[in-house]
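Accompanying notes for the structure given below.
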Amino acid sequence: MIEDDIKLEFEKSIRAFFKENDAHRDATAIHISTMVYNCARLLWYHQRTAETNDRGFDTESLYRVWIGTKLHETPITPKHEINLIMDRRGYRVSGTIDEIFNIDGNIILADKKFVGRLPSAMNDHHRNQVMFYSVMLNDLRNVKVDMVALIYFSPVVDYYNKQRMSVFVNSVTTETLDEYRKKFLGLLDATIDGLINDTLPAKNTSWYCRYCPFKPSCDAGMKEVARLGQEMTNGSAVVNK
């Protein structure tokens, strides 16, 4: 059918777009976006498969990631898409700050997120991301971040709820920066130890285990995923291991 052919051509163009952009991306670097779930095992799998990862998204995921990518292409501030690269024990660590605001003398590091539903608070894994960026910006460029912000966008049209954007801001103190630096470097070192010694690092069990692309390879496999799903269904707390 002509309609299906048109959809297929659109999908092909998006995949070509990602392929072109990925040619400029350092696939072997440890990316901050994969560190946000605080799981060294997830990072270990990412690094072991980095050179063969071809963004094999299903169609639904492909559209979602494409929309998010187009969102990031629109600058809000002059300091937009700031690339950071550091070395940790011979491994490159890479991150890209979406926006840096300067409001009333406050340096505010912000990340933009495309979501299907606006959250009621800053998500923990997104807070990890902006705080890890803050650590890198402080340690690499001696820039003290006063606040971090998450800017959530939702394109869903609802005539009874016209809210399209939510913004959440947290202050950054010396104590919180030290806390996240310890978490950041500890996660990197656990991953690097595993890569050097060819041993599987400890995992951090969380809600993300249900969606992790490496769950079939994880030592607990589908049994662990099923257990997590049952806990969430029953309203049980998710624990870290």
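So which chymotrypsin sites (Phe, Trp or Tyr not before Pro) in region 74-133 are both in a DSSP loop and have at most 12 other Cβ atoms within 10 Å of their Cβ?
Listed in order of number, the matching sites amount to none.
When Lys and Arg each count +1 and Asp and Glu each count -1, what net charge do the other residues less than 10 Å away from Ile97, Cβ to Cβ, add up to?
Net of charged neighbours comes to -3.
Checking the table Lys144/Lys182; Lys70/Lys112; Lys70/Lys144; Lys182/Lys203; Lys113/Lys215 against a 23 Å threshold on Cα-Cα, which pairs fail?
Lys70/Lys144; Lys113/Lys215
Each label point is 7 Å from the Cα along the Cα-to-Cβ direction; what then is the distance between the points at Arg89 and Thr74, in nm?
Placing both labels 7 Å along Cα→Cβ, they lie 4.2 nm apart.
What full-extension length gain, to one decimal in nm, is calculated for Tyr211 and Leu185 as 0.36 nm per residue of separation minus the Cα-Cα distance?
6.9 nm
Write out the GluC sites (Glu not before Pro) in region 71-159 meeting two conditions: DSSP loop, and at most 11 other Cβ atoms within 10 Å of their Cβ.
Glu73
Determine the sum of side-chain charges near Asp4: Lys and Arg each +1, Asp and Glu each -1, restricted to other residues whose C-beta is under 15 angstrom from that of Asp4.
Its environment carries a net charge of -2.
Treat each spin label as a single point 7 Å out from the Cα along the C-beta direction, and report the Lys12 to Asp193 distance in nm.
5.0
Can you tell me the length gained on complete extension of the stretch Thr49 to Ser61, counting 0.36 nm per residue apart and subtracting the Cα distance?
Taking 0.36 nm per residue and subtracting the Cα distance, the gain is 2.4 nm.
FYI, it's all coordinate maths here, none of it is from the lab. Since we're looking at a predicted model, the values are computed, not measured. Neighbour counts are summed over all protein chains in view; Cβ atoms, including those assigned to glycine, are modelled from backbone coordinates with ideal geometry.
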